[in-house]
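Q: If you scroll down you'll find the structure; I have some questions about it.
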Amino acid sequence: MQKTVAVLGGGIGGLSTCYHLSKSIQVSKVVLLEASGRCGGWVSTTRREDGAVFEHGPRGVRPAGTTGKYILNMLTELGLESEILPVPHHHVASKNRFLYVKGQLHKMPSGLGGVVRTIPPFSSPIMLSVLKEVLVSKGTQEDESVHAFVSRRLGSELADIAIDALCRGVFAGDSRKLSVRSCFPPLYSAEKARGSILLGMLMGYEKRPPVVRSALLQRAQKERWAQWSLRRGMQALPEALEETLRGHERVEVHYNAPVRRLDNTAADSLARNHIYTSYLTVNTVRQDKLFVCSLCFQGFGHLVPSSEDRGLLGVVYDSVPFPEHNRAGEPTTRLTIMMGGSWFEEVFGQPDHVTEQELLDRAAEALKTHLGITDAPLWSKAAVLKNCIPQYHLGHWKRLETMRQYISDASLPLSLAGASYDGVSISDVISSGRQAAERLLGKV
Ligand SMILES: Cc1cc2nc3c(=O)[nH]c(=O)nc-3n(C[C@H](O)[C@H](O)[C@H](O)COP(=O)(O)OP(=O)(O)OC[C@H]3O[C@@H](n4cnc5c(N)ncnc54)[C@H](O)[C@@H]3O)c2cc1C
Ligand SMILES: C=Cc1c2[nH]c(c1C)Cc1[nH]c(c(CCC(=O)O)c1C)Cc1[nH]c(c(C)c1CCC(=O)O)Cc1[nH]c(c(C)c1C=C)C2
């Protein structure tokens, strides 16, 4: 029997769900209901008249893993191949990431040389902690905070500095609250399967489903891409999906159509039961000549552990991985200063009461102390992104299991997709849309 399916929300997750549903002859109609006047959700790009491109949400996608490979095949289907801006593993933006600790920038250890020597801010070689990790007995808990897991297996210094900062640089979240099982499933699974992260990584810990090796995927593997963006910014992806859907006779896209509630109250509470973090970004662009010699700009950006500054998460050096997004003419340096996250209210108060000047001042202060930048920007823009990244706190897996069991037991005609469930990255969210479509069609 053919189905009519309503998809709630036109973020990248909803668009992906519609895209996959629209390919099936089992579906007679797909109705996308989007609350705002545009699709794309947090994927949002400003394209300025001078040619500069600024990302407000995601700025790069990793092609690694099954979900990362799958999205490359989707780019081909959407005709976006010629738009891709790849950043290979050997690029400085892939090799160099920095930590701002005790008032100084330190390159995060990478490669063999980086892990066998003692490199500040760490007091011993990372390799030592990794080798000792094999001897640590297997944990028995069903879930653990990311910080507790890494402290137990790799030592408190790595947990306090590197992992604390990493959780801020991916989830804008607090490693002491985030769940290792849900935020870093490979670490959790490696310990469960092999008793050690190192052994799990070396010996493997899961079967990976095969992915069609399209010409683009083969190119990405040959050229060793670490991440990619699009020439007109990441927003070109939801735009291409939206265009494809709007050209499809069985798909209707409705804007300014907020869904207020679902008929079944249980389904309603399932769809609303989330924890998020707010954070704010300041994009700036500056004349390049003052900074080209500075070592700190030869990388992706720097992260700030919470012990150093609770409110300032990190700075992305956007013009290094993607110089194609600079304005035409003289070279410029584009930076994004990320603030707030789990510490938003503690540091800045209520998101609705923060003024733009407050944010710009805080960003200017960080650029001065961290990078020695004191001149005024050519252009800057501050934005508060309210409830933008879901926080997978301890026990997230159990809540998901309960929700899914309830949907199944009550035979609810509902499938969950999006960043609130099984991964926040663009690839994870697109993959969640595909899986939601497959569940509705009875394929899994
Ligand atoms: C600042 C930032 C930087 C990021 N950086 C990266 C990165 O570098 N790489 C990466 O891979 N990922 C990154 N991410 C993560 C990724 O962008 C998001 O996880 C992903 O875009 C979320 O997509 P979504 O569809 O699940 O949700 P959303 O983008 O939140 O979309 C939900 C949509 O539903 C609509 N909606 C909400 N309520 C209703 C309702 N009641 N009725 C109808 N419509 C409704 C909203 O208007 C919105 O359009 C970043 C995220 C942020 C915020
Ligand atoms: C400082 C805050 C943030 C920066 N980026 C994000 C925040 C909150 C959001 C974000 N960044 C990444 C993802 C996707 C995760 C994925 O699985 O692909 C999200 C939601 C990518 C990412 N950024 C950093 C890392 C280590 C990763 C994971 C993937 C990878 O290894 O590339 C580090 C990082 N993020 C920011 C900075 C300044 C920084 C490091 C210097 C900004």
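Values in this text are rule-based calculations from the coordinates and carry no lab data. None of these values were measured; they are calculated from a predicted model. As a convention, Cβ positions derive from the backbone with ideal geometry for all residues, glycine included, and neighbour counts pool all protein chains shown.
Q: Could you pull out every residue, at least 5 positions away or on a different chain, whose amide H is within less than 5 Å of the one on Leu312? Hs are placed 1.01 Å off N in the peptide plane, and Pro or chain starts have none.
A: Gly340
Q: Next up: Gap in Å between the Cα centre of region 150-189 and the Cα centre of region 342-368?
A: Region 342-368 and region 150-189 have Cα centres separated by 25 Å.
Q: Quick one: 3J(HN,Hα) in Hz for region 79-84, Karplus 6.51/-1.76/1.60 with θ = phi - 60°, rounded, Gly and Pro as x.
A: x, 9, 3, 6, 8, 6
Q: What is the Rg over Rh value, at two decimals, for region 376-444, using alpha-carbon atoms and the Kirkwood definition of Rh?
A: 1.17
Q: Still on this structure, please answer the following. So what are the three principal axis dimensions of region 81-222 from its Cα atoms, in whole Å, longest to shortest?
A: 45, 39, 29
Q: Hey, another quick one. Given the chain, what percent of its DSSP beta bridges are antiparallel, to the nearest 5? Present the calculation step by step, with values, prior to reporting the outcome.
A: Details: 41 of 54 bridges.
Beta bridges within the chain, antiparallel portion: roughly 75 percent.
Q: Using a Förster distance of 45 angstrom, determine the FRET efficiency expected from the C-beta separation of Arg208 and Arg231, and round it to 0.05. Please report the intermediate quantities before stating the final value.
A: On the way: r = 31 Å, r/R0 = 0.68.
So the FRET efficiency works out to roughly 0.90.
Q: Using Cα springs under 10 Å in a Gaussian network model of the chain, which residue among Gln235, Gln357, Gln141 shows the largest mean-square fluctuation?
A: Between Gln235, Gln357, Gln141, it is Gln141 that shows the largest mean-square fluctuation.
Q: Follow-up. Whose amide H sits under 5 Å from the amide H of Val101, counting only residues 5 or more places off or on another chain, with H placed in the peptide plane?
A: Hits under the 5 Å cutoff: His106.
Q: With a cut-off of 8 Å between alpha carbons and a minimum separation of six or more residues, what is the relative contact order of the chain in percent? If you can, show how the numbers build up before the last one.
A: Working: 816 pairs, mean separation 113.2, N = 444.
Answer for the chain is 26 percent.
Q: Something else: Take region 313-444, drop everything but the C-alpha atoms, weight them equally and run the Debye formula without solvent; then report log10 I(q)/I(0) at 0.14, 0.21, 0.22 Å⁻¹ to two decimals.
A: Evaluating at q = 0.14, 0.21, 0.22 Å⁻¹ gives log10 I(q)/I(0) of -0.85, -1.25, -1.32.
Q: How big is the antiparallel share of DSSP beta bridges in region 1-141, given as a percent to the nearest 5?
A: Antiparallel bridges make up about 50 percent of those DSSP assigns within region 1-141.
Q: I'd like the distance separating the alpha-carbon centroids of region 195-222 and region 101-135, in whole Å.
A: Result: 26 Å between the Cα centres.
Q: Counting pairs of alpha carbon atoms under 8 Å apart in space and at least six apart in sequence, what relative contact order in percent does region 93-146 give?
A: Across region 93-146, relative contact order equals 18 percent.
Q: Also: For region 108-238, calculate the relative contact order in percent as a whole number, restricting contacts to Cα pairs under 8 Å that are 6 or more residues apart.
A: Once divided by the residue count of region 108-238, the mean separation gives 18 percent.
Q: Using the Cα centre of the chain as origin and beta-carbon charges of +1 (Lys, Arg) and -1 (Asp, Glu), tell me which of Leu72, Ser137, Val30 is placed farthest towards the positive end of the dipole.
A: The one lying farthest along the dipole's positive direction is Ser137.
Q: Which value, in debye to the nearest 20, describes the size of the charge dipole of the chain about its Cα centre when Lys and Arg Cβ atoms bear +1, Asp and Glu Cβ atoms bear -1, and nothing else is charged?
A: On the way: 52 positive and 44 negative charges, 249 e Å.
Here the size comes out at about 1200 debye.
Q: Past 22 Å, Cα to Cα, is the threshold; run Lys107/Lys368; Lys3/Lys69; Lys95/Lys368; Lys132/Lys192; Lys177/Lys398; Lys192/Lys443 against it and keep the listed order.
A: Where the Cα-Cα span goes over 22 Å, the pairs concerned are Lys3/Lys69; Lys95/Lys368; Lys192/Lys443.
Q: Work from the charge dipole of the chain (Cβ charges, +1 for Lys and Arg, -1 for Asp and Glu, about the Cα centre) and give the residue of Gln104, Met339, Met203 farthest towards its positive end.
A: Met203
Q: How much length is gained if the chain between Ala193 and Asp352 is pulled fully straight, taking 0.36 nm per residue apart and subtracting their Cα-Cα distance, in nm to one decimal?
A: Full extension of this stretch gives 52.7 nm more.
Q: Extent of the chain along each principal axis, from alpha carbon coordinates, in Å, largest to smallest?
A: 63, 58, 48
Q: Could you pull out every residue, at least 5 positions away or on a different chain, whose amide H is within less than 5 Å of the one on Leu85? Hs are placed 1.01 Å off N in the peptide plane, and Pro or chain starts have none.
A: Answer set, sorted by chain and number: Ser229, Leu230, Arg231.
Q: Something else: Could you calculate the FRET efficiency of Thr369 with Val115 from 1/(1 + (r/R0)^6), where r is the beta carbon distance between them and R0 is 30 Å, rounded to 0.05?
A: 0.55
Q: Put +1 on the Cβ of every Lys and Arg and -1 on every Asp and Glu Cβ in region 353-432; which of Ser411, Trp379, Pro390 then has its Cα farthest towards the positive end of the dipole?
A: It is Ser411.
Q: I would also like to ask the following. Return the single residue from Ser179, Ser28, Ser145 with maximal mean-square fluctuation; model: Gaussian network over the chain, springs between Cα atoms under 10 Å.
A: Maximum among the listed residues: Ser28.
Q: For region 195-201, take each phi angle, set θ = phi - 60°, evaluate the Karplus expression 6.51 cos²θ - 1.76 cosθ + 1.60, and give the result in whole Hz per residue in order, putting x for glycine and proline.
A: With coefficients 6.51, -1.76 and 1.60, one gets x, 7, 5, 4, 5, x, 5 Hz.
Q: About the Cα centre, and with charges only on the beta carbon of Lys, Arg (+1) and Asp, Glu (-1), how big is the dipole of region 63-176? Nearest 20 debye, please.
A: Here region 63-176 has a charge dipole of around 540 debye.
Q: Report the label-to-label distance for Leu412 and Thr66 in nanometres (one decimal), using points 7 Å from each Cα along the Cα→Cβ vector.
A: 2.5
Q: Here's a follow-up. Quote the FRET efficiency, to the nearest 0.05, computed for Glu249 versus Gln141 with a Förster distance R0 of 45 Å and r equal to the Cβ-Cβ distance.
A: Taking R0 as 45 Å, the efficiency between Glu249 and Gln141 is 0.30.
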